[in-house]
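The block underneath contains the structure these notes are about, expressed in structure tokens.
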Amino acid sequence: MSDTPSAQTARTAAEPLTAEAVQQWLLEKVAHKLGVAPAEVDPEQYFDEFDLDSTEALVLSGELEDWLGFELETTALWYHPTIAQLALYIAEKQAEHAA
Amino acid sequence: MRPERPRPEIVRAFGDGGGPETARVLVVHPGALPAAHYAGLARSLPAGTGLHVVDLEQVPEYFRAALDSGRVTTSIDRLATRAAEELRARGLLSRPWNLLGWSFGGVVGHALAGLLDGGERPGRLVLLDSIAPVPGYVQSEEAIGHDMALPWFCMYLAAKRGGGPDALPAEFPDGAEGPDGRPDAALELVLHAGLDSGVLRPGTTLPGLRKVYDTYLDGLRRNNRLAAGHRPRPAGLPLVLLRPERGLLATPDPLGWSVLGDDLSTGHTPGDHYSMLREPEALRRIAAAAAPEPVPAPG
């Protein structure tokens, strides 16, 4: 199936969802789409400044939700427009739900 | 809150930078495709004719409504008023000019024309496969389902990603909606066709494509809700409707516009609803319909 996560990206429910883990996943995904090393992706850069068109940005958003196992508000990338900000927001949101 | 940063201008100029602008075409663009698509139309216009695009996606209330499951906090009249203010502030509402609107942009353009006084009004309004916001054409919320939207989505995705007309399925003989109400089986077909044709980047997954589709569907529903809440009045100017070979609707009726104007003519272009903004012969016909007549030289 094309939507089966790869071993590299699969996340288990028991795995703690930290901002660092989300940021690392995003860095690797964006790097893969851009064809560069993750170290070359700036987590403080705005999503719309990467060389990804709006279709690619939405694909990334859908794949992130699939990895997280829950839906994000579609406005999440709007209000948290960098990898670092979005990772922090997702970790905080998850912690609130778990509390 | 999102940090403050400069947003792109709502009105963007294309075209004849080489000489004085003696006439202009003003466009209302509803998003979906990038406003940069109009560069080809600008090149197809006669020398001296400028092209300026009002990009509604740069209006936050409109843009956000497509991100928020179709929850709408604006109206067509408010969008038209905003467009008029932006154009007036730039001194662009002076003759000779014609107004052009593609898709939902034609609906906002029609409302805009109705807001302008005599000295500011365009010569005509050219509608590119726009559906009039009148009974019989505004859909119920339930009617905008996957069977209607998915073939349109395939047209959209192929045009946006530079694919040919056969890159993605044009129809889904078994229906686009599965027994669970979701279109995943049909989207799987789109995914494979998109990967095979190069419309989708290698490695794109079904969850990723599903998000693109869901956002597209939210945009359709947003525009339909805006149209449903709108009470259009005849704008009192000539209307020209151009329909592509494969438009959104196959009806021979001029998409409801005969209700809103006595002076309505219809023409045709190659291409589909989205590719008509890129296809060379379609651009030639659109330019011919939209270019204002030259002003006679004094004396």
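The values are calculated or read from the model by the stated rules, or taken from the named source; none is laboratory data. Quick caveat, the model's predicted, so the values are computed rather than measured. Cβ coordinates were reconstructed from backbone atoms using ideal geometry, including for glycine residues, and neighbour counts include every protein chain displayed.
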Next on the checklist: Please go through region A:64-93 and give me each residue that is more than 10 Å from chain B (Cβ to nearest Cβ) and more than 16 Å from A:Trp25 (Cα to Cα), ordered by number.
Outcome noted: A:Glu92, A:Lys93
Checklist outcome for this item: Result of the Cβ filter at 8 Å on region B:73-93, keeping first residues that are at pLDDT below 95 and partners that are of a type in the set (Ser, Thr, Tyr), at least 6 apart or interchain, is B:Thr74/B:Tyr62
Checklist entry - Pairs, please: C-beta under 8 Å, at least 6 apart or cross-chain, first residue at positive phi and in region A:55-74, second of a type in the set (A, V, I, L, M) and surrounded by fewer than 18 Cβ atoms within 10 Å (Cβ to Cβ)? => result A:Gly69/A:Ala13
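Return a yes/no flag: does region B:120-138 have any residue that is part of a loop (DSSP other than H, G, I, E, B), of a type outside the set (Lys, Arg), modelled with pLDDT under 90 and within 30 Å of B:Ile10 (Cα to Cα). I'd like the intermediate steps shown before the answer.
Filtering region B:120-138 for residues part of a loop (DSSP other than H, G, I, E, B) gives B:121-124, B:129-138.
If we keep only those that are of a type outside the set (Lys, Arg) as well, we get B:122-123, B:129-138.
Remaining after also requiring modelled with pLDDT under 90: none.
No - not one qualifying residue is present in region B:120-138.
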Checklist entry - Taking region B:21-74 only, how many residues are away from chain A (no Cβ under 13 Å), of a type in the set (Gly, Ala, Ser) and part of a helix (DSSP H, G or I)? => result 4
Checklist entry - Would you say B:Phe172 is free of Cβ contacts under 8 Å to residues at least 60 places away in the same chain and touching a Pro at 6+ places or on another chain (Cβ under 9 Å)? => result yes
Checklist entry - How many of the residues making up region A:39-63 are surrounded by 18 or more Cβ atoms within 10 Å (Cβ to Cβ) and at the interface with chain B (Cβ under 9 Å from one of its Cβ atoms)? => result 8
Checklist entry - Within the set of pairs 6+ apart or on separate chains, which have a first residue in region B:183-211 that is more than 10 Å from chain A (Cβ to nearest Cβ), a second that is surrounded by fewer than 17 Cβ atoms within 10 Å (Cβ to Cβ), and C-beta atoms under 6 Å apart? => result B:Ala185/B:Gly178
Next on the checklist: Looking at B:Leu255, B:Leu217, B:Leu277, B:Leu226, can you tell me which residue is within 14 Å of another protein chain (Cβ to nearest Cβ) and hydrophobic (A, V, I, L, M, F, W, C)?
Outcome noted: B:Leu217
Item to check | Positions within region B:105-119 being more than 17 Å from B:Trp257 (Cβ to Cβ) and either in a helix (DSSP H, G or I) or of a type in the set (A, V, I, L, M, F, W, C) (or both), in sequence order | outcome: B:Leu115, B:Leu116, B:Gly118, B:Gly119
Next on the checklist: Just to verify a result, which residue in region B:56-95, among those that are touching a strand residue (DSSP E or B) at 6+ places or on another chain (Cβ under 9 Å) and among the polar types (S, T, N, Q), is farthest from B:Ala113 (Cα to Cα)?
Outcome noted: B:Gln58
